[in-house]
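Below is one structure, written out as structure tokens; the observations come after it.
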Ligand SMILES: Nc1ncnc2c1ncn2[C@@H]1O[C@H](COP(=O)(O)OP(=O)(O)O)[C@@H](O)[C@H]1O
Ligand SMILES: [Mg+2]
């Protein structure tokens, strides 16, 4: 079995190293890592080789944007990073990719996990915000934010409701806790979706075109919220068409034809 990043870390760590060194180690270890990541969708004649060898590392407390033309594989990459999809292990001729096409979440090679364990890892470590928020429309804002907490089962029902209220308040929705999702505006719904993504204190927040469906005022509000969260230490990775949103991050990765075409750190 291939060693995980964690094992490699352990192997390199001298015995008796200090807590401070351990802390530095964990800050250096990527939260998300792809290795020669490939994704082929469909099969036979219609197979489409969408990702063609992506190597990326996303570190704790970083704020990163992925940009690129439509169809360049941004959403596919984000879904793979978030464990919503699995890498292709073999090329069109059935040969395994070398090195293996893989995604590591907090050091864990996701290919070693069955579907149940992958779903658990996702629920614990990843917060996902989609362009279309996918709230349950018959549920209140507060209930929607509670759902991932109920699923994880770490908090009591009352504690989850309290945390949901605090998150919604932080996003300026304190007056809308008990409003049904389908009676909220688009911008409010997207803020509820962000609160829901933060519910289980994810190691990393992933957002696919979070402002793509909003008017300019709400786009600005959501952009501000994401920036504030990132400044408060929330690792955040967003796919966006919005250049001004991308410019607010610390790093811009440009995808083209299923590969990383450019990867720049911003001052
Ligand atoms: N199920 C699928 N089968 C075949 N091709 C697909 C499928 N889903 C997406 N694609 C294609 O994969 C490419 C990349 O899609 P996507 O990752 O959504 O791009 P982006 O988010 O950068 O616009 C697009 O050309 C899209 O048409
Ligand atoms: Mg997309």
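Throughout, read-outs are computed from the coordinates displayed, never taken from laboratory work. These figures come from a predicted structure and were not determined experimentally. Cβ atoms come from the backbone with ideal geometry, glycine included; neighbour counts cover every protein chain shown.
Key figures for this structure:
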| item | result |
| --- | --- |
| Stretchable slack from residue 139 to residue 116, in nm (0.36 nm times residue separation minus alpha-carbon distance) | 5.7 nm |
| Residue-averaged [θ]222 nm for the chain, counting only DSSP H segments that reach four residues, each worth -39500 (n - 2.57) | -11000 deg cm²/dmol |
| Using alpha-carbon coordinates, inclination of helix 157-170 to the longest axis of the chain, degrees | 90 degrees |
| The chain: angle of helix 115-125 to the longest principal axis, Cα-based, in degrees nearest 10 | 60 degrees |
| Cα-based shape type of segment 129-214, given that a ≥ b ≥ c are square roots of the gyration tensor eigenvalues and the cut on a/c is 1.5 | oblate |
| Rounded if a/c under 1.5, otherwise prolate or oblate - segment 20-146, Cα gyration tensor axes | oblate |
| Sorted by Cβ neighbour density within 10 Å, fewest at the top, the residues 253, 58 | 58, 253 |
| Cα point-scatterer Debye curve for the chain, base-10 log of I(q)/I(0) at q = 0.10 Å⁻¹ | -0.54 |
| Tensor-based shape of segment 200-267 (alpha-carbon gyration tensor, a/c under 1.5 rounded, otherwise prolate or oblate) | oblate |
| Choice from 255, 149, 90 with maximal GNM fluctuation in the chain (Cα, 10 Å cutoff) | 90 |
| Gap separating the Cα centres of segment 190-237 and segment 32-69, nearest whole Å | 21 Å |
| Computed E for residue 162/residue 241 - FRET, C-beta separation, R0 35 angstrom, nearest 0.05 | 0.45 |
